[in-house]
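Structure first, then comments.
No value in this document is a laboratory result; all are computed from the given coordinates. The model shown is predicted, which means the values in this text are computed figures rather than measured ones. Here the Cβ is made from the backbone with ideal geometry for all residues, glycine too, and neighbour counts use every protein chain on show.
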Amino acid sequence: MSFLCATRMRGGYGGADILQGCDITVEKGEIAVIVGPNGAGKSTAMKAVFGMMSLREGSVVFDGEDITKLSPQDRVAKGMGFVPQTNNIFGTMSVEENLEMGGFLRRDDISVTIEQIYDLFPILREKRAQAAGELSGGQRQQVAVGRALMTQPKLLLLDEPTAGVSPIVMDELFDRIIEVARSGVSILMVEQNARQALEIADKGYVLVQGGNAYTDTGAALLANPEVRRTFLGG
Ligand SMILES: Nc1ncnc2c1ncn2[C@@H]1O[C@H](COP(=O)(O)OP(=O)(O)OP(=O)(O)O)[C@@H](O)[C@H]1O
Ligand SMILES: [Mg+2]
């Protein structure tokens, strides 16, 4: 069984189902990427995996355990970290306070993890005392990812980590995400920069209207003429 197995997810926000039987699996240490049009339900699928919305049908099994009924906080304790698409930092708090907030569930010494995050994102060490809201878009995303890494997750959920950043900053962020994956952390990432994200993906999902339109390796999706034409701009 896969490390994360979200199976036949159905549900929404009270009205019609947004997720229409969506399946997502992620293996240990793998980078899995979800792409698809606006409103397809990508963020909803991430929220469902993290327990921020309850499923009407389907299940989420993580590390061999059925966690379908667990709260987000309990999922964090089981080893999930989540970076939401919006409002993912505390703007008035310093960079370091953001990281400390990320570690609030831990009872052990968090200073080693903070240093590891500063090694991963050296600019954050320089800006540790600055209000996170004053940083550039790319730096704020680094704070958001760093905050999620503070709980030492086994699976990191990233909803559009490169939204609003320049191509150079995007490449840089993707390199850091690859580095995190190589350290053994599984990554499930939603990306608007579909082509570039699929290039670093072990596995990709094209989500359309809450269901899986295509599932394949990143390379195979990039080579698929239909996927290219419809979702990757040719
Ligand atoms: N909190 C909410 N309450 C009600 N409906 C919502 C809520 N969040 C999202 N939706 C609806 O669910 C559908 C899917 O939204 P979702 O945010 O999952 O799409 P997405 O694929 O992440 O889109 P985007 O690429 O724009 O981020 C949309 O029709 C949206 O209007
Ligand atoms: Mg979204």
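The angle between the Cα long axis of helix 167-182 and the longest principal axis of the Cα atoms of the chain comes to about 90 degrees, rounded to the nearest 10.
Calculated from DSSP H runs of 4 or more alone, at -39500 (n - 2.57) each and per residue, what is the 222 nm mean residue ellipticity of the chain, nearest 500?
-10500 deg cm²/dmol
Dividing the mean sequence gap of close Cα pairs (under 8 Å, 6+ apart) by how many residues the chain holds gives a relative contact order of 27 percent.
Principal-axis analysis of the Cα atoms of the chain puts helix 137-149 at an angle of about 90° to the longest axis.
Gyration tensor analysis over the Cα atoms of the chain returns equivalent ellipsoid semi-axes of 28, 21, 16 Å (largest first, whole Å).
The modelled label-to-label distance between A219 and D23, using points 7 Å beyond Cα along the C-beta direction, is 2.3 nm. Overall, the anisotropy analysis places region 123-212 in the prolate class: the square-rooted eigenvalues a ≥ b ≥ c of its C-alpha gyration tensor yield a/c not less than 1.5, with a/b exceeding b/c. Close Lys pairs in the chain, defined as Cα atoms under 19 Å apart and 8 or more places apart or on different chains, number 10. So what is log10(I(q)/I(0)) for region 117-165 at q = 0.17 1/Å, when the Debye sum runs over its Cα atoms only? Results for region 117-165 at q = 0.17 Å⁻¹ read -0.50.
What does the charge count near G234 come to, summing +1 for each Lys or Arg and -1 for each Asp or Glu among other residues with Cβ under 12 Å from its Cβ?
Combined, the nearby Lys, Arg, Asp and Glu give +2.
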